[in-house]
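The values are calculated or read from the model by the stated rules, or taken from the named source; none is laboratory data. Not measured: the values here are computed from a predicted model. Note that we place each Cβ from the backbone using ideal geometry, even for glycine, and neighbour counts take in every protein chain shown. Remember, those area values only see protein heavy atoms, side chains included, never the ligands or the DNA or RNA. Shrake-Rupley method; radii C 1.70, N 1.55, O 1.52, S 1.80 Å.
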Amino acid sequence: MSRWGSMKIKVFNPLSEKLGFKEKEVHLVAPIKVKDIEVLSEVRLEDYLISKNKREIITSEAEVSEQDEIWILPIVDGG
Amino acid sequence: MTKLEVNLYGYAGKILEANLEDESFKSTPLNKRWVELYVGGGGYATRILYDLIDNTTDPLSPENPLIVMTGPFTGLAAISPKTLIVARSPLTGFLAKSASSGSFGTVLKRSGYDGIVVKGRAKKPVLISIVDNEPQIYNARSLWGKGVFEASKLIKEELKDPKIRIAMIGPAGENLVKISSIITDERRAFGRTGVGAIMGSKNLKGIAVSGSLKTPVSDEKKLIELNKKHLSVAPTTSRGGGLKAYGTGGGIISGAQGGNLPIKNWTLGVWEGAEKITTQTFMEKYKLGSGMKVCGESVICSIQCERAIEMDDPRYGRSKGKGPEYETLAALGSMNLVDAIEGIIYANDLCDDLGLDTISTGVVISWAMEAYEKGVLKASDIGFPLKWGDVESLTKLIRMIAYRKGFGATLSEGVKASSTKIGEGSEGFAVHVKGLEVPMHNPRLYNTMGVLYAVSNIGASHLQGMGVLVERGLLLPEYGIDAVPKDTASKTKTVLIQQSLCAFVDSAGLCKFGVFGVIDFNHIAETFNAITGRSEDKDSILKIGDRIWYLERMLDGKLGLKAEDDRLPDRFVKEAVKEGPAAGLVCPIDDLLPEFYKARELDPVSGQPTARKLKELELDI
């Protein structure tokens, strides 16, 4: 495994418009809490669903590491 | 509660009673005391119904009234297009209640009436029309048998009024299919609890309304100011902005990744097909114009959650208009492992045109698929083999249900009756509460939904309490819910507050998508006061919601409901999925239900409230 890894972040509208990207690779040297990821520092993460590797919903306190993929999703479930 | 000098600001002020037996009409002023206690919409309509039926009333007889009712917010406040239909359900035997968005309610009020009570049964197919206070009955024989899309066009041509708004049934309602709906604006639906069959039993094809009458409000300047605030805030919130970007169907992705999405009749926890059927995918392919649309042309809304699409597919033909919602994508899609989005769009069109509830239809077909897979049903029972994921099986069954053809006649009775008839253990995977098919939110993961389904006064409905939103982090700090509920006490509190707020919202005419996670109930109370001249606050509107919830419960008691009817299907209580975010989880309903009963002061056998509670809420009817 490479010492320098990268994690993919995918965001959706309306957040993607606010942040100016839909997908971004973030380079990590160690596991990091989602809330400490710099490109998400302006986001009120509790208003969104954070999905890790398309299999798990995590909180902003959870740690992610290289080769993870997180999706920041709006809470739109309804009927 | 404020003692009102009720002047009926926010209301047209009267209800139309239509008796189809002798084709007569009667205009009745609103009961001011009932307005004070039950507001309008679902609450007011349930109060009317309470006096008109009992446990001997056959839901498909002339004695079961079909009550259509708007609320004071309908058409006046931001994001408030809702109209309610209330009756006794032919599917459950209990309260039938279903809400529709679109323009119908707004235009009904402009026609001069807050609601319509339809009684009796016409001797031949008819259509009721109301134009500026003037009701009429038309012969609808030439419309009978026609799908909603064609019949709607013909009515607009015949009445020479393109602005007319219609609530009507398709062939499914005419054929008394118990999972049939009433469709408005061609694409919105009073979907649930079999209300289409009630309209069909009255030989009533539809109700058409048109008008230009203005509803008076107490403080117009204040209302404009509050509406502006609501409209500007809504799209900036995560939920409102998400709905604006993707509609409810955007929830397929988060549902799949978060464990909310039902897959293969709730037996799987992971499905690769989800990304193929989500709104994000189908809007890339079939977006019409900007893709965003309000649910009706008269509706004041800045979210615009409707997705407009245009598809021309060699297999399924042309589709133009409203794309499928989350519930439909899940019920017709993931529940049946259908990952062909074009097939789902086509099946959704069929359900709208034939007048079928997409949730109940998807669930009963999913049950049939599982019964076939387990050998309980044979190809000879159905007429052809069933295959998970097969669009042809799905759409053939939809037609058979609507026309009660072959095995479709069994399925047309709903999943409870179908499984009771077929037996052989198939009752164990018939996913319903009180006979109403369970919608698309996972109670194993979101336990408040388990309680809300189990104790709902209409059977399993995701709109009698949106606990899933709270459990996902859209809190209600104004009511002391400032953290995601984790223990039994906080889950019970969430259930109670959600039930009562939804009962109020359904009575006011608000859309739930414009409230929860979008704006707080202090704002809603202020808007209520600006419209009506009342002096309510967030706590008093919660109490009104409480009262309406208990009124529904009392009506259900009159119709034979017992505590044992408040149950959750074994599939959620005893069976867990093996993979995904909900792996290994079941809903601890046996821990949660007693707490709910205690908090609501319900008798553990009758399921009815104590005399003390009824007196407290002025429900000593």
Review point. Which number in (1) open to solvent by 10 Å² or more (accessible area, probe 1.4 Å); (2) under 20 Å from the mean Cα position of the chain (by Cα); (3) at pLDDT 95 or above marks the one condition that B:Trp144 misses?
Key: (2)
Check your understanding: Would it be correct to say that B:Asp349 is more than 14 Å from chain A (Cβ to nearest Cβ) and in a loop (DSSP other than H, G, I, E, B)?
Key -> no
Practice item. Hey, can you tell me all the residues within the stretch B:46-78 that are in contact with a Ser or Thr (Cβ under 8 Å, 6 or more places away or on another chain) and of a type in the set (Phe, Trp, Tyr)? Key: B:Phe73
Exercise for review: For the stretch B:279-290, state whether one or more residues are within 23 Å of the chain's Cα centre (by Cα) and more than 9 Å from every other protein chain (Cβ to nearest Cβ).
Suggested key: no
Review point. Within the stretch B:223-245, how many residues are within 11 Å of chain A (Cβ to nearest Cβ) and either open to solvent by less than 20 Å² (accessible area, probe 1.4 Å) or in contact (Cβ under 8 Å) with a residue 40 or more places away in the chain (or both)?
Key: 9
Practice item. With the checklist (1) in a strand (DSSP E or B); (2) in contact with a Phe, Trp or Tyr (Cβ under 8 Å, 6 or more places away or on another chain) in hand, flag the one item A:Lys54 doesn't pass. Key: (1)
Practice item. Name the residue, out of B:Ile137, B:Ile128, that is of a type outside the set (Ser, Thr, Tyr) and buried (at least 20 other Cβ atoms within 10 Å of the Cβ). Key: B:Ile128
**Study point:** Residue, farthest from B:Ala172 (Cα to Cα), within the stretch B:371-399, restricted to residues that are buried (at least 23 other Cβ atoms within 10 Å of the Cβ) and under 26 Å from the mean Cα position of the chain (by Cα)
**Key:** B:Leu394
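Residue by residue, here is whether (1) within 29 Å of B:Arg307 (Cα to Cα); (2) open to solvent by 80 Å² or more (accessible area, probe 1.4 Å); (3) within 14 Å of chain B (Cβ to nearest Cβ); (4) without any contact (Cβ under 8 Å) to a residue 12 or more places away in the chain holds:
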position: A:Lys22; (1), (2), (3), (4): yes, yes, yes, no
position: A:Glu42; (1), (2), (3), (4): no, yes, yes, no
position: A:Glu46; (1), (2), (3), (4): yes, yes, yes, no
position: A:Asn53; (1), (2), (3), (4): yes, no, yes, no
position: A:Glu69; (1), (2), (3), (4): yes, no, yes, no
position: A:Ile72; (1), (2), (3), (4): yes, no, yes, no
position: A:Asp77; (1), (2), (3), (4): yes, no, yes, yes
Check your understanding: Does B:Ile524 count as open to solvent by less than 10 Å² (accessible area, probe 1.4 Å) and within 14 Å of another protein chain (Cβ to nearest Cβ)?
Key -> no
Point to revise | Residue count, the stretch A:38-51 (criterion: in a helix (DSSP H, G or I), modelled with pLDDT of 90 or more and within 18 Å of B:Gly258 (Cβ to Cβ)) | key: 1
Exercise for review: Starting from residues that are open to solvent by less than 30 Å² (accessible area, probe 1.4 Å) and either assigned to a helix (DSSP H, G or I) or free of Cβ contacts under 8 Å to residues at least 12 places away in the same chain (or both), keep the ones in the stretch B:594-611 and report whichever is nearest to B:Lys543 (Cα to Cα).
Suggested key: B:Arg600
Exercise for review: For the stretch B:488-503, indicate whether the set of residues that are within 13 Å of another protein chain (Cβ to nearest Cβ) and not polar (S, T, N, Q) is non-empty.
Suggested key: yes
Study note, to complete from the structure: The one condition B:Phe572 fails out of (1) closer than 26 Å to B:Ile48 by Cα; (2) open to solvent by less than 30 Å² (accessible area, probe 1.4 Å) is (1)
Check your understanding: Of (1) on the phi > 0 side of the Ramachandran plot; (2) away from chain A (no Cβ under 14 Å), B:Glu220 satisfies all except one. Which?
Key -> (1)
Practice item. Out of B:Leu561, B:Leu555, B:Leu614, B:Leu542, report the one residue that is open to solvent by less than 20 Å² (accessible area, probe 1.4 Å) and either farther than 30 Å from B:Asn265 by Cα or aromatic (Phe, Trp, Tyr) (or both). Key: B:Leu555
**Study point:** Those strands (runs of 3 or more DSSP E) lying entirely in the stretch B:13-79 with at least 2 residues farther than 29 Å from B:Glu306 by Cβ
**Key:** B:14-19, B:24-29
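Yes/no matrix, rows are residues, columns are (1) in a helix (DSSP H, G or I); (2) among the hydrophobic types (A, V, I, L, M, F, W, C); (3) without any contact (Cβ under 8 Å) to a residue 24 or more places away in the chain:
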| site | (1), (2), (3) |
| --- | --- |
| B:Ile524 | yes, yes, yes |
| B:Ile544 | yes, yes, no |
| B:Trp549 | yes, yes, no |
| B:Leu555 | yes, yes, no |
| B:Leu561 | no, yes, no |
| B:Ala582 | no, yes, no |
| B:Val586 | no, yes, no |
Point to revise | the stretch A:7-21 - residue that is among the aliphatic types (A, V, I, L, M) and part of a helix (DSSP H, G or I) and, of those, farthest from B:Gly251 (Cα to Cα) | key: A:Leu19
Check your understanding: Looking at this structure, is A:Lys35 part of a strand (DSSP E or B), charged (D, E, K, R), at pLDDT 90 or above and more than 28 Å from B:Gly514 (Cβ to Cβ)?
Key -> no
Practice item. Consider B:Ile303 carefully, then state whether it is open to solvent by less than 10 Å² (accessible area, probe 1.4 Å), away from chain A (no Cβ under 14 Å) and not in a helix (DSSP H, G or I). Key: no
Practice item. Take B:Ile166 and decide whether it is closer than 25 Å to B:Tyr403 by Cα, crowded, with 20+ Cβ neighbours inside 10 Å and modelled with pLDDT of 95 or more. Key: yes
